[in-house]
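What follows is a set of notes on a single structure, which appears directly below.
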Amino acid sequence: MRKGIYSRVCTHPPVISNAILSSTRSLMAIFVSPHFFTTFATSATLTNSESEQEEEDEEGFNTSCGVIQEKDFLRKTQNGKLHLLDLIDNDRMEPDAALYNKLLNKCTQMSKLKEGRMVHTHFLNSQFKHYQVIQNTVLNMYAKCGSLEEARRVFDEMPTKDMVTWTALITGYSQNDRPEEALVLFPPMLRLDLKPNHFTFSSLLKASAARPSDREGRQIHGFCLKYGYDLNVYVGSALVDMYARCGYMNEAMFVFDGMISKNEVSWNALIAGYARKDEGENAVQLFMEMQRKDFKPTHFTYSSVFTGCASTGALEQGKWVHGHMIKSGLKLIAFVGNTLLDMYAKSGSIEDAKKVFDRLIRRDVVSWNSMLSACAQHGLGKETVERFEEMLRIGVEPNGIAFLCVLTACSHAGLLDKGQYYFELMKKYLVEPDVSHYVTIVDLLGRAGRLDLAERFIKEMPIEPTAAVWGALLGACRMHKNMELGAYAAERVFELDPYDSGPHVLLSNIYASAGRWSDAAKVRKMMRESGVKKEPACSWVEIENVVHLFVANDDAHPQREDIRKMWEEISARIKEIGYVPDTSHVLLFVDQQERETKLQYHSEKLALAFALLNAPPGSTIRIKKNIRVCGDCHTAFKFVSKLLDREIILRDTNRFHHFRGGFCSCGDYW
DNA sequence: AAATCCTGTC
C-alpha cells in the first residue's frame with residue numbers, strides 16, 4: 001500500500017503544534033463515587049484502569065431492590081464505616097435474587113474481587129443458591145475480575161449449564177488472554193447441543209484473533225454464517241478485527257463492507273488494522289471517512305490513528321489529528337497520550353514528544369518507556385540514561401522494554417560501562433532478559449570494538465542465540481572490518497534464518513570493502529539461489545501535506561529532470577568541501593564511474609533533492625526511509641547540512657539522524 | 001434476573 005502514499009494530497013489543513021500543545025486538555029477526573037459504594041468498595045486505592053475510565057457510571061443503586069430499599073442503604077452508609085454485608089446480616093434483611101445480581105454486577109463493573117467473593121458466599125447461604133441465572137452472574141464476576149480459576153470452579157460445580165454459562169466462561173478466557181482455553185470449549189458446547197449465539201461468537205472470534213494463525217478464525221467465521229450471526233454488529237466487528245489482526249486487510253475490508261449495521265467499534269477495528277500494518281495513510285483516510293458518515297471517533301480511534309501517523313512519520317497529519325481530538329473534547333487519557341507522544345517522536349519532533357510527556361498528569365510505565373524510546377531513537381543517549389535514572393528514583397518499576405530502551409541508548413552512545421551496569425541491574429529488578437536484551441549487549445560490545453567480548457558473551461549466554469544475536473555481531477564486524485569473525489557470524493545467521501536478506505547484504509559489504517569481489521559475488525549468488533530478496537528501498541518526504549515517495553533510480557517522477565540536476569549540482573559542490581563518494585556499498589561489477597552514478601540516485605538522495613527544490617527555504621527537511629540509510633548517503637547528508645546550513649532529519653528503520661552543520665546526532669553509529 | 005466487538009512503549 002506504499003503506492004497509496006505516493007503524492008497523495010491530504011485534504012486537511014496544517015495545524016501549528018504549539019497552539020495545540022498549549023491547549024491540550026489535561027486528563028481525566030479522578031473517580032470518586034458519592035454513594036455508599038465508596039464504602040462498599042473498601043478503602044482500596046483506585047488503580048489507573050479504574051480512575052481513567054471516562055464518564056464512569058457512578059450510580060450505585062438508585063432503584064429499590066426487593067425487600068431492601070434504597071433509603072436503607074443510604075441511611076446506613078452515610079456515616080461511613082458500615083459494610084454492605086454487615087448491613088445485610090446485622091439488620092437481618094433478606095436480599096432478593098435481583099439484589100444479588102445487582103451486587104455481583106457492581107463488583108464486576110468495579111473489578112472488586114474480594115467483595116464479589118463475599119457476595120458469592122452470602123448467596124450460597126441463601127435460599128436462591130440454586131438459581132442458575134445468579135450462578136452465571138457469579139461465574140461472570142470471577143471471570144471479569146480475572147480469577148479464571150474460581151470461575152472455572154463455579155462452572156465445574158454447576159449441575160446444569162446453559163449456553164450463557166458456557167459463553168461466560170469462553171468470554172472470560174478470551175478477555176484474559178487465554179485464547180486456547182476459550183477455543184477448546186467450543187466443540188464440547190456444540191456436542192451438548194447448546195446453540196451458540198452472537199455473544200458466543202464475538203468472544204470466540206476475539207480468542208481466535210489472538211492466535212497467530214487464521215485457521216480457527218476462519219472456521220468460526222463459517223459457524224457464524226451457519227448459525228446466521230454474521231450480520232450482527234458485534235460479530236461483524238469481531239470478524240473485521242480477527243482478519244485485520246491476522247494481516248488479511250482485504251478480507252477485513254470485505255466483511256466490513258458487507259456489514260449492514262456498523263458502529264464505532266467496527267470502524268476502530270478496521271483503522272487499527274491498517275495502523276498495525278504501517279498503512280498510516282489508509283488509517284487517516286478511514287478516520288475522515290467515518291466522520292463523514294457521522295460516526296464519532298473514540299479514544300480507540302485516535303490511538304490507532306496516531307499509531308498510523310507514527311508509522312508513516314507524517315508530522316503535519318498527526319498534528320492535524322491531534323487538533324481534531326482537542327476540538328472533539330476527548331480527554332488525553334494515558335493510552336492516547338502515549339500514542340500521541342510516540343507519534344511526535346517517530347515523526348521527528350522530539351520537542352513535541354517531550355511537551356506531551358510533560359503535560360501528562362499521570363505517567364504509567366508505558367509513558368516512560370515511550371519517552372525513553374523517543375530519546376534513544378533521536379540519539380539522545382545521555383538524556384535517555386538520565387530519564388531512566390529519574391524513573392527509578394521516583395519509583396516507577398522498569399519492565400523489560402524500559403531496560404531495552406536504556407541499553408539501546410547506551411549502545412548507540414558508546415556508553416559501554418553504563419550499558420553493562422544496567423544489564424546487571426535487571427537482576428535486581430527481577431526482570432528476566434529476553435533475547436532482545438542479549439542482542440543489544442552484543443551490539444553494545446561490538447560497536448565499542450570489543451568483538452572478542454561480544455563473541456564470548458554469545459557463547460556464554462544462557463539461552464540459545466538467535467539469528468538476531470549473530471546478526472548484531474555481524475554488524476559489528478562490518479563496522480570494524482573484521483572479515484574472519486564476520487564470515488563466521490554470517491554462517492550462523494544463514495543457518496538460523498536463511499530467508500533474511502540483511503546478513504547476506506552485510507556479508508557482501510564486508511567482502512566488498514575488503515575488495516574481495518569474488519566472495520561478494522558468491523554471497524549474491526547464494527541470495528539469488530535461495531530466493532532471498534532485498535526489500536526494495538524507498539524514502540518519502542512530506543511537504544505541505546503531500547507525502548512524496550521515491551524509490552532508487554526513480555525515473556517516473558514528474559520532476560525527475562529537476563531532481564537529477566539538483567543532485568548533480570549539490571554533489572559537485574559537496575565534493576569541493578571534502579565529500580568522497582563511498583562506493584563500497586554498491587555491489588555491482590561496474591567501473592567506478594558507473595558505481596558513483598548508481599549511488600547518486602539512492603532514494604534518500606532523490607527525496608533530499610526534491611525537498612530542496614520544493615520545501616520552504618530554510619525549513620527543516622524530514623525524510624523517512626524504509627531500511628537503514630547507507631553509509632554514502634549518510635556522509636553526503638552531513639556535507640549537505642554544512643553546505644546549505646540546513647537541518648535535515650532522516651528517519652530510518654532504527655533511529656533518527658539529525659544532520660546539522662556537518663554532523664549527525666548519531667555520532668556515526670547506526 | 002445473566003453473557004459480546006476496537007487502543008500504547010520493544
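Across segment A:235-264, the qualifying residues are those that are within 11 Å of DNA strand B (Cβ to nearest atom) and surrounded by fewer than 18 Cβ atoms within 10 Å (Cβ to Cβ), and the one among them that is farthest from the chain's Cα centre (by Cα) is A:Ser261. Residues considered: A:Glu561, A:Glu569. Of these, the only one that is at pLDDT below 90, more than 30 Å from A:Asp342 (Cα to Cα), assigned to a helix (DSSP H, G or I) and not basic (Lys, Arg) is A:Glu561.
Please determine whether any residue of segment A:377-392 is open to solvent by 20 Å² or more (accessible area, probe 1.4 Å), among the polar types (S, T, N, Q), within 27 Å of A:Ala269 (Cα to Cα) and assigned to a helix (DSSP H, G or I).
No, segment A:377-392 contains no residue that is open to solvent by 20 Å² or more (accessible area, probe 1.4 Å), among the polar types (S, T, N, Q), within 27 Å of A:Ala269 (Cα to Cα) and assigned to a helix (DSSP H, G or I).
Residues considered: A:Gly475, A:Gly486, A:Gly449. Of these, the only one that is in contact (Cβ under 8 Å) with a residue 24 or more places away in the chain and assigned to a loop (DSSP other than H, G, I, E, B) is A:Gly449.
Kindly establish whether A:Asp257 is part of a helix (DSSP H, G or I), out of contact with any Ser or Thr (no Cβ under 9 Å at 6 or more places or on another chain) and among the charged types (D, E, K, R). Here the answer is yes, as A:Asp257 does meet what is asked. Just one of the numbered conditions (1) more than 8 Å from DNA strand B (Cβ to nearest atom); (2) touching a residue at least 24 places away in the same chain (Cβ under 8 Å); (3) out of contact with any Lys or Arg (no Cβ under 7 Å at 6 or more places or on another chain); (4) within 28 Å of A:Asp668 (Cα to Cα) is not true of A:Ser411: (3). Might you check whether a residue that is surrounded by 24 or more Cβ atoms within 10 Å (Cβ to Cβ), out of contact with any Asp or Glu (no Cβ under 6 Å at 6 or more places or on another chain) and charged (D, E, K, R) occurs anywhere in segment A:434-445? Checking segment A:434-445: at least one residue is surrounded by 24 or more Cβ atoms within 10 Å (Cβ to Cβ), out of contact with any Asp or Glu (no Cβ under 6 Å at 6 or more places or on another chain) and charged (D, E, K, R). If I filter segment A:416-436 down to residues being touching a helix residue (DSSP H, G or I) at 6+ places or on another chain (Cβ under 6 Å) and under 17 Å from A:Ala376 (Cα atoms), which single residue comes out as nearest to DNA strand B (Cβ to nearest atom)? Checked segment A:416-436; the qualifying residue nearest to DNA strand B (Cβ to nearest atom) is A:Ser436.
Selection of first residues in segment A:114-142 that are more than 18 Å from A:Met163 (Cβ to Cβ) and crowded, with 22+ Cβ neighbours inside 10 Å and of second residues that are at pLDDT below 95 and of a type in the set (Phe, Trp, Tyr), restricted to Cβ pairs under 6 Å at least 6 apart or on distinct chains, gives the following pairs, ordered by first then second residue: A:Phe123/A:Tyr100. Filtered by the rule that a residue be in a helix (DSSP H, G or I), over 19 Å from the mean Cα position of the chain (by Cα) and away from DNA strand B (no atom under 13 Å from the Cβ), segment A:287-318 gives A:Met288, A:Glu289, A:Gln291, A:Arg292, A:Glu316.
Set side by side, the residues A:Gly323, A:Gly337 differ, and just one is within 15 Å of DNA strand B (Cβ to nearest atom) and either touching a His at 6+ places or on another chain (Cβ under 8 Å) or outside any loop (DSSP other than H, G, I, E, B) (or both), which is A:Gly337. Each residue in segment A:622-648 was checked for being under 26 Å from the mean Cα position of the chain (by Cα) and open to solvent by less than 10 Å² (accessible area, probe 1.4 Å), and 3 of them qualify. When the residues of segment A:185-212 are filtered to those that are more than 12 Å from DNA strand B (Cβ to nearest atom) and more than 29 Å from the chain's Cα centre (by Cα), the one that is most open to solvent (accessible area, probe 1.4 Å) is A:Arg191.
For A:Gly217, are the conditions met, namely being in contact (Cβ under 8 Å) with a residue 12 or more places away in the chain, more than 9 Å from DNA strand B (Cβ to nearest atom), assigned to a loop (DSSP other than H, G, I, E, B) and open to solvent by less than 60 Å² (accessible area, probe 1.4 Å)? Walk me through how you get there before you give the answer.
Numbers: in contact (Cβ under 8 Å) with a residue 12 or more places away in the chain: yes; more than 9 Å from DNA strand B (Cβ to nearest atom): yes; assigned to a loop (DSSP other than H, G, I, E, B): no; open to solvent by less than 60 Å² (accessible area, probe 1.4 Å): yes.
When the stated conditions are applied, A:Gly217 does not pass them.
Does A:Lys346 fit the bill of being of a type in the set (Lys, Arg) and near DNA strand B (Cβ under 8 Å from one of its atoms)?
The answer is yes for A:Lys346.
The values are calculated or read from the model by the stated rules, or taken from the named source; none is laboratory data. In this text, all values refer to a predicted model and were calculated from it rather than measured experimentally. All Cβ positions, even for glycine, are placed from backbone atoms using ideal geometry, and neighbour counts span all protein chains on display. Remember, those area values only see protein heavy atoms, side chains included, never the ligands or the DNA or RNA. Shrake-Rupley method; radii C 1.70, N 1.55, O 1.52, S 1.80 Å.
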